[in-house]
Every structure is written in C-alpha cells, then in structure tokens.
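One structure is given here, and the rest of the page talks about it.
What follows is calculated from the coordinates using simple rules that are stated; it is not laboratory data. Note that the structure is predicted; figures quoted are calculated from it, not measured. As a convention, Cβ positions derive from the backbone with ideal geometry for all residues, glycine included, and neighbour counts pool all protein chains shown.
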Amino acid sequence: MDDNDKNLSTVSAFLANGYNKDEIVAMDIKVRQHNEFVAAPYAVDLTSHEIKLIEYMISLVKVIDKDLINAKVHKEFVFSATDLAKVLNTHISRVVKDADKLADSITSKKIIEKRLDIRGNIEDFSYIPIVSYANYNKGLFKFSLNYYVLKYFVDINQNFTEFQLRYLLSLTTAYSVKLYKLLHWLFHFQALIR
C-alpha cells in the first residue's frame, strides 16, 4: 500500500466517523505534484473552495492510477455533501445551495501547456480541463479528474514538489494556496542547486 492509498483510507475513515475539518487538517498527508503543475498558472482564477477541492482530489490519486492514463480513463471521486463541506470548511447548506455553481465553475478550469521555440514563439499548446465531469444528485457529488492531468501526480520520482495537505486546507484563499506551493517548489529547487 503506497502513501496515497493510506491517505485515501485515512481521510475516508475520518470523514465517515464524523471528524471535522480541523481534525482532518491534523492528519499528516503528503501531496506530491510535478513541478510543471505547481508552476502552472491554473490557480489564478480559482476560488478557495475550487482549489481545495482540486488539491484534495489530487491527494487521493494513487500509483495504480497510472493505468487510467494508459487507458485514457478519468479518475472518479464521489463525496457526500457532508464530507465535502468538512473538507472545504463550510456548512453543508452552503455546499448544497452552491452545488450547481461549483460544478459549472470547476469544470471550466484548465491547465494551459505551451512550448516555445528559442525565439519565444509558440510551437504548440494544449488546453487541458482539470475536472472533466461534475454531478450532484441527492447529497452526493461526483467529480472526474481528467486523465491528461494525472501525469502530474502519478509515480513522480523527479522534478516534484511535496507538501502537507493539512497546511494547504487551512489556507483561506486560492492565492495563499498557490503561494504555499510555489514556496515549497522554490525551497526544493534551492536545496537541489546547493
């Protein structure tokens, strides 16, 4: 069982047993992401709830999900409205009331990959939706993390940044989350060049 498998079972157990967000934040869950994802400007237009949901889903990605990339299948997640409210540190009534807004907004977020030639001209680009599917029905949310973005989180052994989910979930804005990740990336980069 890898760290992400342990993370998933631990977080699920905590949520199922009624623990609150502060107790989830107290867990020691490490998240590892490729530096290209950490440095991508995707977080610029995300709300704090959107970025926390995306980062939470990323924390649940496992090594075995590499098979999803090869099969071109999206990673699916199901959360009860109660569990999602705990992770987002908000009241369940707000999560349910804003379910359609969250689904509409989060499925429009994307990563833009651009490759430039030596003169700075665009050679190619890709627009990759992060969350490819969102659904709410009778208290359950279903989300699909696009298989194209899974490469940034699965079986990464170099060019990565690692950070604690508990600290990320305790932040209050999307900008603070992005800054937290960038500072970890910079710290890791400086350690490599020393």
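Odds and ends about this structure:
- With a threshold of 18 Å on the Cα-Cα distance, the over-threshold entries among K62/K178; K62/K151; K97/K138 are K62/K178.
- Placing pseudo-labels 7 Å out from each Cα toward the beta carbon at I64 and S126 gives an inter-label distance of 2.5 nm.
- Amide H contacts for K110 (H built 1.01 Å from N in the peptide plane; partners 5 or more residues away or on another chain; cut-off under 5 Å): I130.
- ³J(HN,Hα), Karplus 6.51/-1.76/1.60, whole Hz, each residue of the range 29-40, x for Gly, Pro: 9, 9, 10, 10, 9, 5, 4, 4, 6, 4, 7, 5
- Over the range 49-167, the fraction of Cα-Cα pairs per 10 Å bin, rounded to whole percents and listed from the shortest bin up, is 12, 39, 32, 13, 3, 0.
- Taken along the Cα-to-beta-carbon direction at a fixed 7 Å, the label points for S108 and Q158 span 4.0 nm.
- Extension gain for K97-L116 works out to 2.5 nm (0.36 nm per residue, less the C-alpha to C-alpha distance).
- Full-stretch length increase - Y180, Y167 - with 0.36 nm per residue and alpha-carbon distance subtracted: 3.8 nm
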